[in-house]
Amino acid sequence: MDSNSLSYSLDFIASSGRILNVEQRTALQTSMLILKKNYNFKRVMFWGKVLGIKQDYFIAQGRGEDEIKNRTYLYSFNCMDWLLLPTVSESMIEEVAKTARGHFTGDPSFVYEHNLYFQIETEEEGENNVIKSSEENRLAVTIQQIDEDVSVVPRGAFIRTPLGPVHVNRSFEGLSESEARQLDNFLHFREPKRGNTLYLERMGDWCPAIDFLDVLSDDIPKGSWSLQFECASRVCMLRSLLWLGLTFYHVPNTPQHGYIYIGNGLKNQDLPFML
């Protein structure tokens, strides 16, 4: 959610139970302006909140020239003091996959451990057979996975220039109400991973500048998204059943849209058996 319209946007998703108190809203509106200036971001987004046992992580996302590639994540416990999250690497993803289990504790210095089960001859070998990963690394990996799987934008909201960078489409006026009722008109806001051949065949007004992202309707398993109209049918709401807690909103015929994640940071592995 764009920090410039944070209060306005949070009111739309309040029906989902994703809310912040007045103190948190006020602190975010102030601190995000400071973040934007100090880190020289083009835009600052409130990404959401990851729930922990001891305390919760509030997540901010800073964007640079390219809206997809130039992203920086920060976390805070009080919505005022922000800390940079580490850059995710392949080795970090592997370590977190092997070690992290259960809910987040709320302590970024907490260390998860995983013992490799085979015969140990010396004490030194025993130490080398323990894989460790901090909760801060786990938080960074989880945020990246959520963005890769379920970050959403309406079709036409972003445009890819001939030189490659992705920018906000200033001429975007929103989807019509009939368009907003079709999952084909919502896209994953990430680097495209699959060919949109079938999607392009269905679109009579295909444009390479805006139709470069993957569509939600091609997601597997089918049925992993819930699309509803709320607020007297004025607001389109999308909820992910894969990452419970991800809510997207769009007001038809206006450029207003955004998504937020407020959840425990655990993927719904039971989804294929629930459909």
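For segment 34-48, the criterion of being within 15 Å of the chain's Cα centre (by Cα) and of a type in the set (Gly, Ala, Ser) is met by at least one residue. The set of residues in segment 4-19 being in a loop (DSSP other than H, G, I, E, B) and either touching a residue at least 24 places away in the same chain (Cβ under 8 Å) or not aliphatic (A, V, I, L, M) (or both) consists of Gly17, Arg18. Just one of the listed residues (Leu246, Leu241) is farther than 13 Å from Phe186 by Cα, in contact with a Phe, Trp or Tyr (Cβ under 6 Å, 6 or more places away or on another chain) and touching a residue at least 12 places away in the same chain (Cβ under 8 Å), namely Leu246. The lone criterion from (1) surrounded by 13 or more Cβ atoms within 10 Å (Cβ to Cβ); (2) modelled with pLDDT of 90 or more; (3) closer than 20 Å to Glu148 by Cβ left unmet by Lys36 is number (3).
For segment 95-103, the criterion of being under 27 Å from Gly17 (Cα atoms) and of a type in the set (Lys, Arg) is satisfied by at least one residue. It is to be established whether one or more residues within segment 246-259 are open to solvent by 60 Å² or more (accessible area, probe 1.4 Å), in contact with a helix residue (DSSP H, G or I) (Cβ under 8 Å, 6 or more places away or on another chain) and either of a type in the set (Ser, Thr, Tyr) or more than 25 Å from Phe158 (Cα to Cα) (or both). There is no residue in segment 246-259 that is open to solvent by 60 Å² or more (accessible area, probe 1.4 Å), in contact with a helix residue (DSSP H, G or I) (Cβ under 8 Å, 6 or more places away or on another chain) and either of a type in the set (Ser, Thr, Tyr) or more than 25 Å from Phe158 (Cα to Cα) (or both). For segment 252-275, filtering for residues that are in contact with a Gly (Cβ under 7 Å, 6 or more places away or on another chain) and of a type in the set (A, V, I, L, M) leaves 3. Any idea which residue in segment 90-135 is surrounded by the most Cβ atoms within 10 Å (Cβ to Cβ), counting only those that are modelled with pLDDT under 90 and of a type in the set (A, V, I, L, M)? The qualifying residue surrounded by the most Cβ atoms within 10 Å (Cβ to Cβ) is Ala100.
Against the test of being in contact (Cβ under 8 Å) with a residue 60 or more places away in the chain, touching a helix residue (DSSP H, G or I) at 6+ places or on another chain (Cβ under 6 Å) and of a type outside the set (Gly, Ala, Ser), the options Met32, Met1 yield a single qualifying residue, Met1. How many of the residues in segment 49-67 are buried (at least 20 other Cβ atoms within 10 Å of the Cβ) and touching a residue at least 24 places away in the same chain (Cβ under 8 Å)? Adding up the residues that qualify gives 9.
Residues in segment 226-243 that are open to solvent by 10 Å² or more (accessible area, probe 1.4 Å) and modelled with pLDDT of 90 or more were compared, and the one that is farthest from Glu177 (Cα to Cα) is Leu242. A count restricted to segment 79-89 and to residues that are open to solvent by 80 Å² or more (accessible area, probe 1.4 Å) and either among the β-branched types (Val, Ile, Thr) or assigned to a loop (DSSP other than H, G, I, E, B) (or both) stands at 3.
Would you pick out the residues in segment 217-238 that are within 19 Å of Ala157 (Cβ to Cβ) and not hydroxyl-bearing (Ser, Thr, Tyr)? Answer for segment 217-238, where residues must be within 19 Å of Ala157 (Cβ to Cβ) and not hydroxyl-bearing (Ser, Thr, Tyr): Asp218, Asp219, Trp225, Leu227, Phe229, Arg234, Val235, Cys236, Met237, Leu238.
If the condition is being in contact with a strand residue (DSSP E or B) (Cβ under 7 Å, 6 or more places away or on another chain), assigned to a loop (DSSP other than H, G, I, E, B) and within 24 Å of Ala100 (Cα to Cα), then segment 54-76 contributes only Asp56.
The values are calculated or read from the model by the stated rules, or taken from the named source; none is laboratory data. Model, not experiment: these values are computed from the prediction. We place every Cβ from the backbone using ideal geometry, glycine too, and count neighbours over all the protein chains shown. For accessibility, only protein heavy atoms count, side chains too; no ligands or nucleic acids. Shrake-Rupley method; radii C 1.70, N 1.55, O 1.52, S 1.80 Å.
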